[in-house]
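The values are calculated or read from the model by the stated rules, or taken from the named source; none is laboratory data. Source: prediction; values computed, not measured. Note that we place each Cβ from the backbone using ideal geometry, even for glycine, and neighbour counts take in every protein chain shown.
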Amino acid sequence: MMLSYSAALELLLAEVDQLPLSIETVPLLEAGDRILARDIAAPCDLPHWDNSAMDGFALRSQDVVAASPDRPVRLPIVGRVMAGEQPPLLTSTAGVACAVMTGAPIPAGFDAIVKVEDVVQQENAIAVSTPIPAGQFIRVRGEDLHQGSPLLAKGQHLTPMALMLAAAVGLSELPVWSKLPVGLISTGTEVVPWSQPTLALGQIRNSSQPFLIQQLQRLGCEIRAIAHVPDDPEQFAAIAQQFWSQGVRLLLTTGAVSMGVADFVPAALERLGCQAIFHKVAIRPGKPLLFAIAPEQQGLVLACPGNPVSTTVTAEFFLKPLLMQRRGESRSPLWLPLAESVHKPEGLQCFWRSRLTPDGKVWVDPQQSSAALKSLVESSHWAILPADTGFIAAGTPVEVQSLT
């Protein structure tokens, strides 16, 4: 009996300690797309001081409580503050206004900003014709972050927005997880480089390799070695040994892992001293997946099926959880109702391409061939369909996972 997805994933994640893990500190501009290795608290308040959210005039709200279109309040202008300038030190702020530009600090004694377009300027004074509430258009010191409050969380993906936040509080470097050294071997005599302009009868381009390269980079890996081998177990073994000698700790292979006469990878790995943890999982696509330990190399092997969609599924639902577990990351499940009823193979957990409808339901694409690529681009989510049934009625909530 084949393992269920959850049982196979549990066995996979139990071996995560086989992968090396360390923390390195890198400059801010080199931290993009890396994974933060420690919680970071804000080293200062943000904003650093009270400042204006508008071009306008600072005033005391109590001075314009009675302002109206019929009886505007006239306030003399006693100064101007540009962004980056020090505000003037005024002996009194009663009954006066100070011009301030967006981002400029608020002079002491004022508690509100009125926009330029909301006043009438009269030589060196403004006329205010409506009451201004205290705090209007003032960004208060620390309203975004207080010193010592959580800034960035361990396990967080360092997006450009996260780097912008770190820069705003003066962090010039960040602690991130080291990159896992990975080797990638694709197999198949029929497989040719993706850049090959023409194909002979029976040949296919290596479409999985650029996908995996990009995915591994996005997942914080260092792709230390890449190769393609024909259906030749000896050549495969030699390249695997070479990769391990280069420090590869996770070996990822595609193809030659099923039950055909050319599916040599399981036997080749066994001869190399690898110990298979599981081979075949009750899923579709991706059923022939093999996971093994390479004890002598202190590493792991994930041998994926060769069909491109099977590769994407095994990368998303085995490789990604493995790497996330290694770094202490987690993701929250999302459940949405099916837009239409779905028939599926009973006994197999299916990861099927789908899109979200405008009313927030999941539409499952009828094209689910493991070799069909166009629907991958047209889909937005994986619909995760349970193994214990062959029919799921419209409206039934199912778990979904983004394709991106």
### Message
Going residue by residue through the range 269-278, is there one that turns out to be surrounded by 21 or more Cβ atoms within 10 Å (Cβ to Cβ) and more than 30 Å from residue 374 (Cβ to Cβ)?
### Response
yes
### Query
Which of the residues spanning the range 230-272 are aliphatic (A, V, I, L, M) and out of contact with any helix residue (DSSP H, G or I) (no Cβ under 9 Å at 6 or more places or on another chain)?
238, 239, 259, 261, 262
### Counted residues, the range 356-399 - those being basic (Lys, Arg), over 16 Å from residue 309 (Cα atoms) and not in a loop (DSSP other than H, G, I, E, B)
0
### Summary
residue 11 vs (1) in the same structural domain as residue 162 (by TED's automatic domain parsing); (2) assigned to a helix (DSSP H, G or I): all pass except (1)
### Query
From 38, 34, 60, which residue is within 20 Å of the chain's Cα centre (by Cα), basic (Lys, Arg) and over 21 Å from residue 147 (Cβ atoms)?
34
### Query
Any chance the range 47-67 includes a residue that's of a type in the set (Val, Ile, Thr), in contact with a Cys (Cβ under 7 Å, 6 or more places away or on another chain), not assigned by TED's automatic domain parsing to the domain that holds residue 165 and not in a loop (DSSP other than H, G, I, E, B)?
no
### Task
Give me the pairs, please: first residue somewhere in the range 376-404 and of a type in the set (A, V, I, L, M, F, W, C) and loosely packed, with under 13 Cβ neighbours inside 10 Å, second residue anywhere and at pLDDT 95 or above and in a strand (DSSP E or B), beta-carbon distance under 8 Å, and either six or more positions apart or on two chains.
391/342; 391/343; 393/338; 394/337; 394/338
### Message
With the structure loaded, tell me whether residue 224 is more than 23 Å from the chain's Cα centre (by Cα), modelled with pLDDT of 95 or more and surrounded by 14 or more Cβ atoms within 10 Å (Cβ to Cβ) or whether it fails that test.
### Response
no
### Message
part of a loop (DSSP other than H, G, I, E, B) and touching a strand residue (DSSP E or B) at 6+ places or on another chain (Cβ under 9 Å): is that true of residue 75 in this structure?
### Response
no
## Note on the structure
Scanning the range 117-135 residue by residue, those surrounded by 15 or more Cβ atoms within 10 Å (Cβ to Cβ) and either more than 21 Å from residue 92 (Cα to Cα) or not assigned by TED's automatic domain parsing to the domain that holds residue 70 (or both) turn out to be 118, 119, 129
### Query
When you look at residue 123, is it of a type outside the set (A, V, I, L, M, F, W, C) and either over 25 Å from residue 168 (Cβ atoms) or over 43 Å from the mean Cα position of the chain (by Cα) (or both), yes or no?
yes
